[in-house]
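Following: one structure in structure tokens, then a few remarks.
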Amino acid sequence: MQIAVVGTGYVGLVTGVCLSDIGHHVTCIDIDESKVELMRDGHAPIYEPGLDELMKKNIDQGRLFFTANHREGFSEAEVVYIAVGTPQTENGEADLRFVDQVAKDIGNNMNRNLVVVTKSTVPVGTNERVKQIISKIVKDKYEVEVVSNPEFLREGTAVYDTFHGDRIVIGSDSERALAILEEINRPFGIPIFKTDIRSAEMIKYASNAFLATKISFINEIANLCEKLSANVEDVAMGMGMDDRIGSKFLKAGIGYGGSCFPKDTSALVQIASFVKHDFNLLKSVIEVNNDQRLLLFEKAKERFGDLSGKQIAMLGLAFKPNTDDMREAASITLSRELVNAGAKVVAYDPIAINNAKKILPNEVEYVDSVEEALHGADAAFIVTEWDEVKNTNLDVYIKLMKSPIIFDGRNCFSLDKVEEYPVEYHSIGRPSKY
Ligand SMILES: NC(=O)C1=CN([C@@H]2O[C@H](COP(=O)(O)OP(=O)(O)OC[C@H]3O[C@@H](n4cnc5c(N)ncnc54)[C@H](O)[C@@H]3O)[C@@H](O)[C@H]2O)C=CC1
Ligand SMILES: O=C(O)[C@H]1O[C@H](OP(=O)(O)OP(=O)(O)OC[C@H]2O[C@@H](n3ccc(=O)[nH]c3=O)[C@H](O)[C@@H]2O)[C@H](O)[C@@H](O)[C@@H]1O
């Protein structure tokens, strides 16, 4: 199949590369010419394990192309995927500016009948809007069929997830378009769930909102565990053994971040409000998460009283391990709070420092290793559970820090291990050790 993918971020590029790997002829289009140059040379502009290798392989085999020119990108395409960003507007809605622009780009540059597939996360009704925008431009010169095909990949495991997803959801009112999407995706060998367009759009928001709810729920339980001297790790384990609950997404921590859960939960609250539905449950999920992100700061404030002049080692900056993505990372909120309280933040992350510098250019001093960050610190904040952070022995904290006081936002160490070392250790949902 001849496919064009518009937008080469985490979703577009991974989708384009994986579709080429299963045999399709794919042209990826992005307005950012510097990204296009980089990709033509076989380099991904984002960090995703396995992506560079797969890109190079498919470029070499003549199935994967890149362009900044929409007309050129659409010239052979039978199917066009929309994978541009849908960020959050100031009032929390999904910003559809980029999707609308792509719909116009399609209308202005298409040269045959097309199936248009929306991979971006978009509010219910958006695929119909995309069809209207395109149809208004091409009138009845060409036929356009739209399909909602939401994406469920996770950053850091995006390539793996594309080949091993639990399901592929496709929604359309065109049987023909659904059959084409089934044919495109068949080589992945993943169960395909077919539905109507609006339900497909809703499945994406409902899935992210549900996962966010699980996280806020376990974080609330963790906060209770701390007050009741229980251990949230054991609680989550005991809960998760019930198949109806499931063990995944019950890891207590400093809240969810990233480019999607925060914006998608907020967008769903707005979507609900437009149909006069007050989504109270989801509002609470968001509120719990906002508080949870500040937890390490609150714990440190309680412990030290005054944080001014204190040097804090921040271990990890990305919103989770194995990604360079800093969008909505807890490290941003924590760094700003610490600096406002007069503390000095010395931070290390194996991958995300360049992106962090764009968001926190002056607030934070960046260093090249866990050890450098710990050197002379009054306290350590564990923010991202990188392997490098988890594998740093507690001896190193003792040797390098001014005082080995650890605030672990990701429960990287077992309490048994911590007992073996003369460190002060505060974690999430577990008793502190002094
Ligand atoms: N990041 C993730 O893990 C996931 C994201 N999603 C959804 O997928 C969508 C895309 O997200 P990301 O890949 O993170 O976005 P991103 O922000 O990383 O990338 C978007 C890309 O689109 C390009 N672009 C913007 N307008 C364009 C146009 N008119 N023509 C060509 N290119 C254009 C930008 O230059 C950028 O490279 C969003 O709706 C997001 O909610 C869904 C599942 C997972
Ligand atoms: O729509 C999206 O963009 C994607 O959002 C999430 O993927 P992602 O944001 O890449 O990362 P997750 O692994 O889901 O983690 C999100 C956040 O939740 C936190 N988290 C996750 C799981 C958990 O048990 N506890 C917890 O605090 C992580 O630390 C991280 O900050 C979903 O998992 C994907 O299915 C979805 O496609």
Unmet requirement for residue 308, which otherwise passes all of (1) among the polar types (S, T, N, Q); (2) out of contact with any strand residue (DSSP E or B) (no Cβ under 8 Å at 6 or more places or on another chain); (3) buried (at least 19 other Cβ atoms within 10 Å of the Cβ): (3)
Since residue 325 meets every condition but one in (1) modelled with pLDDT of 95 or more; (2) within 16 Å of ligand 1 (Cβ to nearest atom), which condition does it not meet? (1)
Suppose we filter segment 30-52 for residues that are among the charged types (D, E, K, R), exposed (fewer than 14 other Cβ atoms within 10 Å of the Cβ) and in a loop (DSSP other than H, G, I, E, B); how many remain? 1
How about segment 95-110: which of its residues are more than 16 Å from ligand 2 (Cβ to nearest atom), surrounded by 19 or more Cβ atoms within 10 Å (Cβ to Cβ) and assigned to a helix (DSSP H, G or I)? 102, 103, 105, 106, 107, 109
In the list 122, 116, which residue meets the criterion of being closer than 19 Å to residue 206 by Cα and of a type in the set (A, V, I, L, M, F, W, C)? 122
Which of the numbered conditions does residue 286 fail, given that it passes all the others? Conditions: (1) closer than 26 Å to residue 355 by Cβ; (2) of a type outside the set (Ser, Thr, Tyr); (3) in a helix (DSSP H, G or I); (4) touching an Asp or Glu at 6+ places or on another chain (Cβ under 7 Å). (4)
Scanning segment 111-123 residue by residue, the ones that are within 16 Å of ligand 2 (Cβ to nearest atom) and outside any strand (DSSP E or B) total 5
Could you list all residues from segment 323-350 that are of a type in the set (Val, Ile, Thr), under 19 Å from residue 298 (Cα atoms) and either in a helix (DSSP H, G or I) or within 16 Å of ligand 2 (Cβ to nearest atom) (or both)? 332, 333, 339
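If I filter segment 397-405 for residues that are of a type in the set (Val, Ile, Thr) and surrounded by 16 or more Cβ atoms within 10 Å (Cβ to Cβ), do I get at least one hit? Lay out the reasoning, then the answer.
Quick first cut of segment 397-405, residues of a type in the set (Val, Ile, Thr) only: 398, 405.
This time we only want the ones that are surrounded by 16 or more Cβ atoms within 10 Å (Cβ to Cβ), so: 405.
Yes.
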Candidate set from segment 231-244 (those that are touching a residue at least 24 places away in the same chain (Cβ under 8 Å) and among the aliphatic types (A, V, I, L, M)); member that is surrounded by the fewest Cβ atoms within 10 Å (Cβ to Cβ): 235
Could we say that residue 68 is within 16 Å of ligand 2 (Cβ to nearest atom) and touching a Lys or Arg at 6+ places or on another chain (Cβ under 9 Å) here? no
Got at least one residue in segment 160-176 being more than 16 Å from ligand 1 (Cβ to nearest atom) and in a helix (DSSP H, G or I)? yes
Starting from segment 82-93, keep only residues that are under 19 Å from residue 15 (Cβ atoms) and in a loop (DSSP other than H, G, I, E, B), then list their pairs with residues that are at pLDDT 95 or above and of a type in the set (Ser, Thr, Tyr) whose Cβ atoms are within a distance under 8 Å, requiring at least 6 positions of separation or different chains. 83/8; 83/15; 83/120; 84/120; 85/120; 86/120; 86/121
Among 332, 271, the single one that is of a type in the set (A, V, I, L, M, F, W, C), within 16 Å of ligand 1 (Cβ to nearest atom), at pLDDT 95 or above and over 18 Å from residue 216 (Cβ atoms) is 271
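Against the condition among the small types (Gly, Ala, Ser) and out of contact with any Leu (no Cβ under 9 Å at 6 or more places or on another chain), how does residue 403 come out, does it pass?
Values: among the small types (Gly, Ala, Ser): yes; out of contact with any Leu (no Cβ under 9 Å at 6 or more places or on another chain): yes.
Spelling it out, residue 403 is indeed among the small types (Gly, Ala, Ser) and out of contact with any Leu (no Cβ under 9 Å at 6 or more places or on another chain).
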Any residue in segment 338-361 that's within 14 Å of residue 325 (Cβ to Cβ): show its pairings with residues that are of a type in the set (Gly, Ala, Ser) and modelled with pLDDT of 95 or more at Cβ separation under 6 Å, as long as the two are six or more apart or on different chains. 349/316; 349/318; 352/318
Within segment 124-160, of all residues that are crowded, with 19+ Cβ neighbours inside 10 Å and at pLDDT below 95, the one nearest to ligand 2 (Cβ to nearest atom) is 155
Does segment 1-18 hold any residues that are in contact with a Pro (Cβ under 9 Å, 6 or more places away or on another chain) and either surrounded by fewer than 23 Cβ atoms within 10 Å (Cβ to Cβ) or assigned to a helix (DSSP H, G or I) (or both), and which are they? 9, 13
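The values are calculated or read from the model by the stated rules, or taken from the named source; none is laboratory data. Just so it is clear, the structure is predicted and the values come from calculations on it, not from any experiment. Cβ atoms come from the backbone with ideal geometry, glycine included; neighbour counts cover every protein chain shown.
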